[in-house]
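Peer 1: First the structure, which I've put down as structure tokens, then a few questions once you've had a look.
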Amino acid sequence: MRAMLFEQVGRPLRVVEHEVPIAGPGQLLVRVHACGICRTDLHLLDGEVTIDSPPRILGHQIVGTVQDAGEPVPPRPADGPEEPTLPAVGDRVGIPWLGWTDGECEWCLSGRENLCPHARFTGRDIDGGMAEYAVADARFCLPIPEDYPDEQAAPLMCAGLIGYRALRMCGEARRVGLYGFGASAHILAQVLSAQGREVYAFTRADDERTQAFARQLGVSWTGGSEDLPPQPLDAAIVFAPIGELVPLALAAVAPAGVVVCGGIHMSDIPSFPYSALWQERVVRSVANLTRADGHEFLALAPKVPVHTRVTVYPLEQANEALADLRAGRLQGAAVLVP
Ligand SMILES: [Zn+2]
Ligand SMILES: [Zn+2]
């Protein structure tokens with residue numbers, strides 16, 4: 001099969017002929033129809049998030065069809081009694097970032113498998129979807145809502161899921177600010193406006209194109225990241241990996257407001273006076289996802305309904321897609337098709 005291989009930090013991905021993987025016990029072999037790219041892929045390329053044992057096939061927003069299944073394995077305590085029926089040959093599935101957990105640590109057993117210290121992640125510790133086939137643990141595959149074409153469904157797998165988990169950390173916030181209007185924010189803006197909340201989008205000061213795109217998606221106010229919104233926000237989510245945005249977002253939230261950092265990596269956060277945090281303001285991060293997040297969000301997305309805006313690239317142009325993401329040339333999400 002064709003695959004895009006990560007070999008070393010700082011090097012572009014390389015097109016290779018790779019053996020089709022074989023589904024082991026509890027695993028599925030999935031024929032990849034589409035694979036979204038994510039800012040995390042840039043962090044992996046740049047070594048800001050480490051790949052312990054390269055070479056590795058990246059890609060953790062996979063949509064495909066189950067082609068073959070390995071021997072079934074018995075369920076584990078953390079898989080829970082409500083574990084949905086596992087996918088079977090012929091089903092369309094999604095493969096997200098969380099690829100495997102031990103199922104027996106205190107985090108897994110308390111509904112926080114996103115924090116499992118032994119978790120393995122798709123496209124980092126396990127070969128991912130920038131290829132014609134991928135193998136995944138059946139218990140971590142997610143159902144794809146029927147009405148979504150493959151390319152439109154792919155960005156739901158990480159951009160959508162991480163955005164959704166970040167939103168949950170915002171509680172009942174009515175006025176929500178989004179710093180960085182990329183793949184996650186363009187999905188979340190649609191969810192927020194369907195829920196009747198007010199959305200404020202902060203972009204680079206002169207990025208009128210992205211601000212116009214945000215307003216098309218129900219965002220009520222757009223501005224530069226240094227601007228203050230017309231009224232204080234109840235919550236802000238920082239998707240851009242820029243630490244300077246954290247004190248700016250804190251200045252934009254009301255007392256008890258929460259600032260959620262949605263990325264896996266961020267540049268250092270500059271120091272700020274305690275008064276910026278005073279009055280019960282909160283700064284927190286959101287890490288990975290649980291399978292429960294996945295099932296909840298994929299049930300919600302067609303009800304909104306979320307329409308993803310995607311730019312499709314052939315698999316072999318993964319480096320071009322990543323360069324476009326890095327340069328901020330994309331509106332919405334980028335998706336590779338083999
Ligand atoms: Zn665990
Ligand atoms: Zn991602």
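Please treat every number below as a calculation from the coordinates, not as lab data. For clarity, every value in this text was computed on a predicted model and none was experimentally measured. Note that each Cβ is placed from the backbone with ideal geometry, even for glycine, and that neighbours are counted across all protein chains shown.
Peer 1: Using DSSP to call loops (not H, G, I, E or B), can you name the GluC sites (Glu not before Pro) in region 1-74 whose Cβ has at most 10 other Cβ atoms within 10 angstrom?
Peer 2: 19
Peer 1: Extension gain residue 53-residue 226, at 0.36 nm per residue separation less the Cα-Cα distance, in nm?
Peer 2: 58.3 nm is the gain from fully extending residue 53 to residue 226.
Peer 1: Then there's this: Kindly identify region 48-116 as rounded, prolate or oblate by the Cα gyration tensor criterion: order the square roots of the eigenvalues as a ≥ b ≥ c, call it rounded if a/c is under 1.5, otherwise compare a/b with b/c, prolate if a/b is larger, else oblate.
Peer 2: Cα axes put region 48-116 in the oblate bin.
Peer 1: Whole-Hz Karplus ³J(HN,Hα) for region 216-226, in order, using 6.51 cos²θ - 1.76 cosθ + 1.60 and θ = phi - 60°, x for Gly and Pro?
Peer 2: My calculation for region 216-226 gives 4, 9, x, 6, 8, 9, 10, x, x, 5, 8 Hz in order.
Peer 1: Neighbour counts of other C-beta atoms within 10 Å: give me 165, 209 arranged from fewest to most.
Peer 2: Lowest to highest Cβ neighbour count: 209, 165.
Peer 1: For the chain, which semi-axes, largest first and in whole Å, follow from the square roots of 5 times the eigenvalues of its Cα gyration tensor?
Peer 2: 32, 22, 19
Peer 1: Further question on the same structure: Once both labels are modelled 7 Å past Cα along the beta-carbon direction, what's the residue 216-residue 282 spacing in nm?
Peer 2: So the label points at residue 216 and residue 282 sit 3.5 nm apart.
Peer 1: So the label point goes 7 Å from the Cα of residue 267 along Cα→C-beta, right? Which residues of region 303-338 then have their backbone N under 18 Å from it?
Peer 2: Only 325-329 fall inside the zone, counting backbone N under 18 Å.
Peer 1: Sticking with this one: Before rounding to the nearest 500, sum -39500 (n - 2.57) across all DSSP H runs of length at least 4 in the chain and divide by the residue total; then give [θ] at 222 nm in deg cm²/dmol.
Peer 2: -6000 deg cm²/dmol
Peer 1: Could you give the length gained by full extension between residue 109 and residue 16, i.e. 0.36 nm per residue of separation minus their alpha carbon distance, to one decimal place?
Peer 2: Extra length from residue 109 to residue 16 when fully extended: 29.5 nm.
Peer 1: Still on this structure: Tell me, in nm to one decimal, what length is gained between residue 254 and residue 147 on full extension, where the rule is 0.36 nm per residue of separation less the Cα-Cα distance?
Peer 2: Gain on extension, residue 254 to residue 147, equals 34.6 nm.
Peer 1: Report relative contact order for the chain in percent, whole number only (criteria: Cα-Cα under 8 Å, sequence separation at least 6).
Peer 2: Answer for the chain is 19 percent.
Peer 1: Next question. Using the Cα centre as the reference, give the magnitude of the dipole from point charges on the C-beta atoms of region 162-303 (Lys, Arg: +1; Asp, Glu: -1; all else neutral), rounded to the nearest 20 debye.
Peer 2: That gives region 162-303 a dipole magnitude of about 440 debye.
Peer 1: Sort region 201-245 into rounded, prolate or oblate with this rule: let a ≥ b ≥ c be the square roots of the eigenvalues of the Cα gyration tensor; rounded if a/c is under 1.5, and if a/c is not under 1.5, prolate when a/b is larger than b/c, oblate otherwise.
Peer 2: Here region 201-245 falls in the oblate category.
Peer 1: Charges at C-beta only: +1 for Lys and Arg, -1 for Asp and Glu. How large is the resulting dipole of region 110-224 about its Cα centre, in Debye rounded to 20?
Peer 2: Magnitude of the dipole: close to 600 debye.
Peer 1: Still on this structure, I have one more. If a/c stays under 1.5 just call it rounded; otherwise compare a/b with b/c (prolate if a/b is bigger, oblate if not). Do that for region 1-112, with a ≥ b ≥ c from the square roots of the Cα gyration tensor eigenvalues.
Peer 2: oblate
Peer 1: Can you list the residues, at least 5 places off or on another chain, whose amide H is less than 5 Å from the amide H of residue 61, using H built in the peptide plane?
Peer 2: Residues meeting the criterion, in which the H sits 1.01 Å from N, are 36, 129.
Peer 1: Same structure, new question: What is the packing order of peptides 243-249, 114-120, taking the mean over residues of other C-beta atoms within 10 Å and listing the highest first?
Peer 2: Taking the mean over residues of other Cβ atoms within 10 Å, the ranking is 243-249, 114-120.
Peer 1: Something else now. Under a Cβ-only charge scheme (Lys and Arg +1, Asp and Glu -1), can you give me the dipole magnitude of region 1-44 about the Cα centre, in debye to the nearest 20?
Peer 2: In total the dipole reaches around 120 debye.
Peer 1: Given a cut-off of under 8 Å on Cα pairs at least six residues apart, what relative contact order in percent is computed for region 106-257?
Peer 2: Once divided by the residue count of region 106-257, the mean separation gives 18 percent.
Peer 1: Also, I was wondering about something else. DSSP beta bridges in the chain, what fraction antiparallel, as a percent rounded to 5?
Peer 2: 50 percent
Peer 1: Which one, 45, 173, 85, projects farthest toward the positive side of the charge dipole computed for region 44-198 from Cβ point charges (K/R +1, D/E -1)?
Peer 2: Highest projection toward the positive end goes to 173.
Peer 1: Of all chymotrypsin sites (Phe, Trp or Tyr not before Pro) in region 246-338, which ones are in loop regions per DSSP and have a Cβ with at most 10 other Cβ atoms within 10 Å?
Peer 2: Those that pass, being in a loop and sparsely packed, are 278.
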